[in-house]
Amino acid sequence: MEVDILAWYAQLQMPNLSVAPGCIRTRRLASVSGWAKLGILYEFSSVDLRNKYFGKGGGAPHKWTSAVQELVHAPGSPTVARRIWPSVET
């Protein structure tokens with residue numbers, strides 16, 4: 001299942017979000033220690049654009065979409081945050 005979920009992120013979720021209006025970049029981060037094996041970072045130019053386009057899909061539904069949405073997240077995540085440095089030109 002883990003390989004399939006990573007493929008879902010790499011082949012479907014991240015490419016779809018990377019072309020969403022306001023998306024600056026998407027990143028998959030590998031942990032070197034700790035509870036989670038990986039982290040996913042979606043960077044948008046504003047919280048409003050993130051809220052408008054994040055999770056809206058794009059393309060046909062995929063068999064792993066519902067499984068990924070049911071994953072257990074680490075305490076305190078997922079988090080929506082504002083970038084404070086360095087500033088981003090929008």
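Just to be sure I understand the filter: pairs with C-beta atoms under 9 Å, separated by 6 or more residues or on different chains, first member in segment 43-62 and closer than 14 Å to ASN16 by Cβ and of a type in the set (Gly, Ala, Ser), second member surrounded by 12 or more Cβ atoms within 10 Å (Cβ to Cβ) and at pLDDT below 65. Which pairs pass?
GLY57/THR65
May I ask you to list pairs of residues, at least six apart or on different chains, whose Cβ atoms are under 8 Å apart, with the first in segment 3-18 being in contact (Cβ under 8 Å) with a residue 60 or more places away in the chain and the second being part of a helix (DSSP H, G or I) and not hydrophobic (A, V, I, L, M, F, W, C)?
Matching pairs, first to second residue: TRP8/THR65.
If only one of VAL68, VAL88, VAL72 is at pLDDT below 80, within 14 Å of the chain's Cα centre (by Cα) and either small (Gly, Ala, Ser) or not in a strand (DSSP E or B) (or both), which one is it? Break it down stepwise before answering.
Details: VAL88 fails: within 14 Å of the chain's Cα centre (by Cα); VAL72 fails: within 14 Å of the chain's Cα centre (by Cα).
Result of the check over VAL68, VAL88, VAL72: VAL68.
Being surrounded by 12 or more Cβ atoms within 10 Å (Cβ to Cβ) and under 20 Å from PRO86 (Cα atoms) is the filter; apply it to segment 15-27 and report the residue that is farthest from the chain's Cα centre (by Cα).
The selected residue is GLY22.
Can you find a residue in segment 38-49 that is of a type in the set (D, E, K, R), loosely packed, with under 12 Cβ neighbours inside 10 Å, modelled with pLDDT of 80 or more and under 14 Å from the mean Cα position of the chain (by Cα)?
Residues of segment 38-49 of a type in the set (D, E, K, R): 43, 48.
Then drop every residue that is not loosely packed, with under 12 Cβ neighbours inside 10 Å, which leaves 48.
Next, from what is left, pick out any that are modelled with pLDDT of 80 or more: 48.
Now narrow it down to the ones that are under 14 Å from the mean Cα position of the chain (by Cα): none.
No, the conditions are met nowhere in segment 38-49.
Across segment 1-27, what is the number of residues that are modelled with pLDDT of 85 or more and among the charged types (D, E, K, R)?
Adding up the residues that qualify gives 2.
Any chance segment 1-14 includes a residue that's under 23 Å from PRO86 (Cα atoms), in contact with a helix residue (DSSP H, G or I) (Cβ under 8 Å, 6 or more places away or on another chain) and surrounded by 13 or more Cβ atoms within 10 Å (Cβ to Cβ)?
no
Can you tell me how many residues in segment 1-23 are at positive phi and in a helix (DSSP H, G or I)?
0
The values are calculated or read from the model by the stated rules, or taken from the named source; none is laboratory data. Keep in mind that what you see is a predicted model, and the values were worked out from it rather than measured. Here the Cβ is made from the backbone with ideal geometry for all residues, glycine too, and neighbour counts use every protein chain on show.
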